[in-house]
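So the structure is just underneath, and the comments pick up after that.
The values are calculated or read from the model by the stated rules, or taken from the named source; none is laboratory data. What you are looking at is a predicted structure, and each value in this text was computed from that prediction instead of being measured. All Cβ positions, glycine included, derive from the backbone under ideal geometry; neighbour counts span all protein chains shown.
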Amino acid sequence: MSVARVLSKQGLASRNQAAVWIREGRVSVNGRVEIDPEFPVRTGVDEVSVAGQVAEAVERLVLMLNKPRGLVTTTKDEQARETVYSCFANAELPWLAPVGRLDKASEGLLLFTNDPQWAASITNPVTGPDKTYHVQINGIPEETDLQTMMRGVNMDGEMLSAKTVKILRSGEKNTWLEIVLDEGKNRQIRRLLNGFDYEVLRLIRVAIGSLQLGDLAKGQWRILSPVEISALHNKL
């Protein structure tokens, strides 16, 4: 595989960051500097070094963050908006990438890891766990609307649906729904509810599989235990 991919799979950097290192001449293969990120490497045979140090796979690290509203889920934003990485500003952590995304207006449980393969298995709709959201909308939906959301609706040529939808509580004008997804399409919940003319007032991811957001404060994070990491593969 390419040398950039090798560094990424070892959890040392994203492929883009690895490519930057390579082009800067910081990476060598078998003692020879390589500046092509696509240079082929024989895993288990060739020795890859970064800044003179042999590149070795780092231990998998997974942490959860209670993402505040208003932050974008990206490493660096072209519009100079504040990103989720501001929550780790004073922490000594290795390279970490988000596992899936929450849009700027959404909040709640967001995972990060230095293991791209593990992240892919979690976001895969077949192997990954369900995601649970609490969503406040303007209006009181009929039961028929909830059933239709679970059957699926066509929005701009794409079928959108929820695994389950139920009412948590209702007021005079607003309703809190619990929505469970077993896949993750772009802005799926907002687009689905928009198809029924409901505006999303708040959207909070409260669980991924058996992992609960719990009482983790906004903007705070914690490292997951091996047991919690293992349980995320037990799809509900």
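Can you find, within the range 1-42, the residue that is surrounded by the most Cβ atoms within 10 Å (Cβ to Cβ) among those that are in a strand (DSSP E or B) and among the β-branched types (Val, Ile, Thr)? Don't jump to the end; show me each part of the working.
Restricting attention to the range 1-42, the residues satisfying the condition of being in a strand (DSSP E or B) are 2, 27-29, 32-33, 40.
With the extra rule that they be among the β-branched types (Val, Ile, Thr), the set shrinks to 27, 29, 33.
Numbers: 27: 25, 29: 19, 33: 11.
It comes out as 27.
From the list 178, 172, 158, pick out the single residue that is crowded, with 16+ Cβ neighbours inside 10 Å, farther than 14 Å from residue 198 by Cα and either without any contact (Cβ under 8 Å) to a residue 60 or more places away in the chain or not basic (Lys, Arg) (or both). Write out each step before concluding.
Details: 172 fails: crowded, with 16+ Cβ neighbours inside 10 Å; 158 fails: crowded, with 16+ Cβ neighbours inside 10 Å.
Checking each option against the conditions leaves just 178.
Looking at 200, 180, 165, can you tell me which residue is more than 17 Å from residue 150 (Cβ to Cβ) and of a type in the set (Val, Ile, Thr)?
Of 200, 180, 165, the one residue that is more than 17 Å from residue 150 (Cβ to Cβ) and of a type in the set (Val, Ile, Thr) is 200.
Just to be sure before I move on: is residue 191 surrounded by fewer than 18 Cβ atoms within 10 Å (Cβ to Cβ) and part of a strand (DSSP E or B) in the structure I sent? Reasoning before the result, please.
Values: surrounded by fewer than 18 Cβ atoms within 10 Å (Cβ to Cβ): yes; part of a strand (DSSP E or B): no.
So residue 191 fails the test.
Mind telling me which of the residues 158, 172, 183 ends up being over 16 Å from residue 112 (Cα atoms), within 20 Å of the chain's Cα centre (by Cα) and either in the same structural domain as residue 104 (by TED's automatic domain parsing) or of a type outside the set (Gly, Ala, Ser) (or both)? Lay out the reasoning, then the answer.
Values: 158 fails: within 20 Å of the chain's Cα centre (by Cα); 172 fails: within 20 Å of the chain's Cα centre (by Cα).
Step by step, each of 158, 172, 183 is checked, and only 183 is over 16 Å from residue 112 (Cα atoms), within 20 Å of the chain's Cα centre (by Cα) and either in the same structural domain as residue 104 (by TED's automatic domain parsing) or of a type outside the set (Gly, Ala, Ser) (or both).
Among strands (runs of 3 or more DSSP E) lying entirely in the range 62-119, which contain 3 or more residues that are in contact with a Leu (Cβ under 7 Å, 6 or more places away or on another chain)?
Details: elements: 62-67, 97-99, 107-113.
Once the strands (runs of 3 or more DSSP E) in the range 62-119 are filtered for at least 3 residues that are in contact with a Leu (Cβ under 7 Å, 6 or more places away or on another chain), what remains is 62-67, 107-113.
What are the residue pairs meeting all of these: first residue in the range 119-140, first residue in contact (Cβ under 8 Å) with a residue 60 or more places away in the chain, second residue part of a helix (DSSP H, G or I) and among the aliphatic types (A, V, I, L, M), Cβ atoms under 8 Å, and 6 or more apart or on different chains?
Within 8 Å, the pairs are 128/122; 129/122; 133/189; 135/189; 135/193; 137/193.
Please indicate, with yes or no, whether at least one residue in the range 131-145 is surrounded by fewer than 17 Cβ atoms within 10 Å (Cβ to Cβ) and at positive phi.
Within the range 131-145 (the criterion being surrounded by fewer than 17 Cβ atoms within 10 Å (Cβ to Cβ) and at positive phi), the answer is yes, since at least one residue qualifies.
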